[in-house]
Amino acid sequence: MDPLSPRLQAIADLVTVGQSMADIGSDHARLPLYLLENRLVPRAVASELGDGPYRRTLAAVRSSNLQDYIEVRKGDGLQTLEAGETDTVVMAGLGGDSIAAILAHDWNKAGSFRKFIFQPMTRASVLRQTLAERGWPILQEILLQDNNRFVVIIVSQPGSTPYRLDPLETEIGCEILKADNNLKREYLFKFLEKYTRIYAGLKNSSRQEKQLLANSYRDKLERLELILNASHRPRY
Ligand SMILES: C[S@@+](CC[C@H](N)C(=O)[O-])C[C@H]1O[C@@H](n2cnc3c(N)ncnc32)[C@H](O)[C@@H]1O
């Protein structure tokens, strides 16, 4: 098997060794096949909604010698799994809003799994907000670059104490905001540019709602600048 991409490798590294896992939206099934090939998990379920991706998943598993350890299923989100059937559930490469919708379809069932690894391709903010409202803690947030794209991975688990995220924490991620490295700075600059552009488009509007929005972007810009300046301090 070819080496995993940095994105899939980072996800694989977060799966708990020795425990079963399910890959929701598995497509090529590379993640569960890698984990089984390297004897990192004892059993896996690869689940797909789309016809083409399901056929791809099935073909990839059939051409491996791991068919006794991996089941391929077709269906929507967690509906293909029994409650608590696997320890870890991975949802990678889906939109943050799709991941949130999969969880919200049946929070009781979602709450029966031990650990979740999410890699939202877009709209991570929707997922963070949903987790916060539901009281699922964000245990780890990893930022990396793959193929010149920023990738965010969120590790969570069922919980029941809702918490508040401020707008910057929702959009960028509280764990990422706490980090101090060059990649984080590059990531924050991307948001700085985006917010600057939006603020410039809003600030001269005479409409009250646009002024309010402009103010919220100005606040986010000020905070981002503070964080960037603080993380730029040389260390002695
Ligand atoms: C971009 S692929 C990601 C494949 C793989 N997980 C990865 O990260 O490389 C996203 C896959 O999620 C599947 N998908 C989308 N919504 C789904 C859902 N509600 N339930 C299961 N699979 C879904 C799509 O069919 C697609 O194959």
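Read the figures in this text as sums done on the coordinates, not as results from a lab. Because the structure is a prediction, the values reported are computed rather than measured. FYI the Cβ positions are ideal-geometry reconstructions off the backbone, even for glycines, and counts take in every protein chain you see.
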Out of all DSSP beta bridges in the chain, what portion is antiparallel? Express it as a percent rounded to 5. 40 percent
How far, in degrees from 0 to 90, does helix 96-105 lean away from the longest principal axis of the Cα atoms of the chain, to the nearest 10? 60 degrees
If I take R0 = 45 Å and measure r between the Cβ atoms of LYS194 and ASN65 in this structure, what FRET efficiency does the formula 1/(1 + (r/R0)^6) give, to the nearest 0.05? 0.45
When the dipole is taken about the Cα centre of the chain, and only Lys, Arg (+1) and Asp, Glu (-1) are charged at their Cβ, what size is it in debye, to the nearest 20? 700 debye
Taking Cα pairs under 8 Å and at least six residues apart, what relative contact order does the chain come out at, in percent? 13 percent
GNM on the chain, C-alpha springs below 10 Å: top fluctuator among THR196, THR170, THR88? THR196
Take the alpha carbon gyration tensor of region 182-231, find the square roots of its eigenvalues, order them as a ≥ b ≥ c, and report rounded if a/c is under 1.5; if not, report prolate when a/b exceeds b/c, else oblate. prolate
Top positive-direction residue, dipole computed over the chain with Cβ charges, set ASN181, ILE11, VAL45: ASN181
By how many nm would the segment from SER206 to ARG218 lengthen if fully extended, with 0.36 nm per residue of separation less the alpha-carbon distance? 2.7 nm
Most mobile listed residue (GLY111, GLY96, GLY18) in the chain, GNM with C-alpha springs under 10 Å: GLY18
Classify region 71-121 as rounded, prolate or oblate, taking a ≥ b ≥ c as the square roots of the eigenvalues of its Cα gyration tensor: rounded when a/c is under 1.5, otherwise prolate if a/b is larger than b/c and oblate if not. rounded
Treating every alpha carbon of the chain as one equal point scatterer without solvent, the Debye formula yields log10 I(q)/I(0) values at q = 0.07, 0.13 Å⁻¹ of -0.27, -0.83
